[in-house]
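FYI, it's all coordinate maths here, none of it is from the lab. Being a predicted model, the structure only gives us computed values, none of them experimental. Glycine gets a Cβ as well: all are built from the backbone with ideal geometry, and neighbour counts include every protein chain shown.
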Amino acid sequence: MIINKLALINFKNHSEQSFYFSPQINCFVGNNGVGKTNILDALHYLSVGKSFLGNSDLNNVKSDEDFFVIESEIQNEEKEDIIKILQPKESKKVIKKNDKSYDRLADHIGYLPSVMISPYDSNLISDSGESRRKFLDAMISQTDSSYLFDLIQYQKTIQQRNALLKYFAKNRTFDKDSLEIYDDPISNFGTRIFEKRKDFVEKLNPIVQHFYEIISGGKEIVNVIYESHLLDGFDSAQPNSFFKELLSSSIDKDRALTYTSKGTHKDDLLFEMNGNSIKKIGSQGQQKSFLISLKLAQINRIKELTGKSPILLLDDIFDKLDDSRVSQLIELVNKESFGQIFITDTHKERTENVVRRINEESKVFEI
Ligand SMILES: Nc1ncnc2c1ncn2[C@@H]1O[C@H](COP(=O)(O)OP(=O)(O)OP(=O)(O)O)[C@@H](O)[C@H]1O
């Protein structure tokens with residue numbers, strides 16, 4: 001998939017902008033705050049229908065305007081598709097492919113896979129498990145639409161179970177049978193989610209290690225470890241029954257807490273360097289190298305599973321990396337022949353130097 005053209009109207013600080021892209025490398029250079037990251041965010045919208053910054057859609061409408069439009073021409077093998085996202089201030093967001101609206105956003109996920117590497121990635125290390133779960137879910141969803149369906153159903157059912165637990169607490173009543181109605185759907189959806197997450201992380205980890213070794217010159221060993229309540233005692237011969245046991249053994253605790261305390265909604269990823277938490281012992285540069293390795297491994301898995309090269313969005317990537325790590329990274333990008341790449345940087349000369357070394361067709365846009 002190659003994005004040939006991007007046109008923005010009233011998207012964040014961009015009133016009207018069009019770009020005709022190189023199929024290989026595209027750089028946006030300019031001072032702080034001119035809207036370089038916003039362009040990557042628009043490309044992220046094209047991929048997954050929302051901002052990578054987690055902003056609400058309405059916040060992305062340019063101040064004092066009534067709507068935004070992101071429109072693009074995308075080379076999809078032999079044909080060109082038009083993807084259009086329209087967000088009016090007064091009504092729902094519409095995503096169209098070749099003039100036909102999608103019924104559900106989920107149907108668009110996977111069409112144009114993307115991987116973003118940005119300064120905000122450090123939140124993956126510093127934040128709570130929720131942001132790592134979201135990252136894992138977004139990664140698997142881009143390669144497996146049934147995963148996204150299971151995830152949506154699982155989350156809905158957990159919400160219903162939690163609402164019932166709260167109802168019981170509020171009305172000082174309890175009915176075990178009504179609570180157990182949720183055991184089957186939760187364990188069915190949840191077990192599938194668990195198995196896919198476990199498998200995905202097991203295959204991702206050696207690739208992360210491989211990339212980290214290249215970027216760091218083999219200085220440290222990193223590990224991505226999947227953590228789940230389901231790991232201890234899970235029996236693949238009877239997959240669902242273990243989840244059900246987990247739910248029933250925590251009923252008393254759940255009643256006291258008024259929410260479901262055990263399940264895949266509590267999963268996490270552990271990031272380690274030389275056997276210790278990378279959050280505790282990793283320097284900023286080491287953490288950044290780890291996150292880049294994680295994202296490059298994500299590209300690798302998406303390519304392997306879907307046959308599509310995701311677009312690579314690199315926001316301020318060169319910041320905080322020393323020269324040798326930048327060189328290793330460039331060599332890697334060169335060797336691995338990633339798909340179409342979009343880079344932002346405040347230093348025009350640095351970007352131009354880097355791009356020259358990559359030796360691919362490129363365009364530099366001054367914003
Ligand atoms: N809804 C909006 N309406 C108008 N302007 C907006 C809106 N949302 C964000 N902006 C503006 O976008 C600018 C930030 O853009 P962006 O983060 O893309 O900059 P950047 O060029 O990547 O900067 P840096 O080099 O600092 O990362 C800010 O000036 C901000 O005020």
*In a shell of Cβ-Cβ distance under 13 Å around I25, excluding I25 itself, what net charge do Lys and Arg (+1) and Asp and Glu (-1) give?*
-1
*Can you list residues whose amide H is under 5 Å from I117's amide H, if they're 5+ apart or on another chain and H is modeled 1.01 Å from N?*
L313, L314, D315
*Considering only DSSP states other than H, G, I, E and B, which trypsin sites (Lys or Arg not before Pro) in region 61-113 qualify as loop sites with at most 12 other Cβ atoms within 10 Å?*
K89, K92, R104
_Efficiency of FRET between I225 and L105 - r from beta-carbon atoms, R0 30 angstrom, step 0.05_ = 0.45
*Longest to shortest principal axis, alpha-carbon extents of the chain, angstrom*: 67, 53, 38
*Compute the acute angle (0 to 90°) between the alpha-carbon long axis of helix 323-336 and the principal axis of greatest extent of the alpha-carbon atoms of the chain; round to the nearest 10°.*
80
_Radius of gyration and Dmax over the Cα atoms of region 234-367, both given in Å_ = 21.7, 63
_Across K79/K100; K196/K335; K36/K288, pairs whose alpha-carbon gap is larger than 18 Å_ = K196/K335; K36/K288
_For the chain, calculated [θ]222 nm from helices alone, where every DSSP H run of n ≥ 4 adds -39500 (n - 2.57)_ = -14500 deg cm²/dmol
*Would you kindly work out the equivalent ellipsoid of region 127-306 from its C-alpha gyration tensor and give its semi-axes, the square roots of five times the eigenvalues, largest first in whole Å?*
35, 17, 14
*asked:* I'd like the GluC sites (Glu not before Pro) in region 1-89 restricted to DSSP loop residues with at most 12 other Cβ atoms within 10 Å, sorted by number.
replied: E65, E77, E78
_With angles folded into 0 to 90 degrees, how steeply does helix 348-358 sit against the dominant principal axis of the chain? Use alpha carbons for both and round to 10._
80
*List the relative contact order of region 127-306 as a percent without decimals, with contacts defined as Cα pairs under 8 Å and 6+ residues apart.*
29
*Candidate aspartates and glutamates - alpha carbon under 20 Å from K62, same-chain residues fewer than 8 apart omitted*: E16, D41, E71, E90
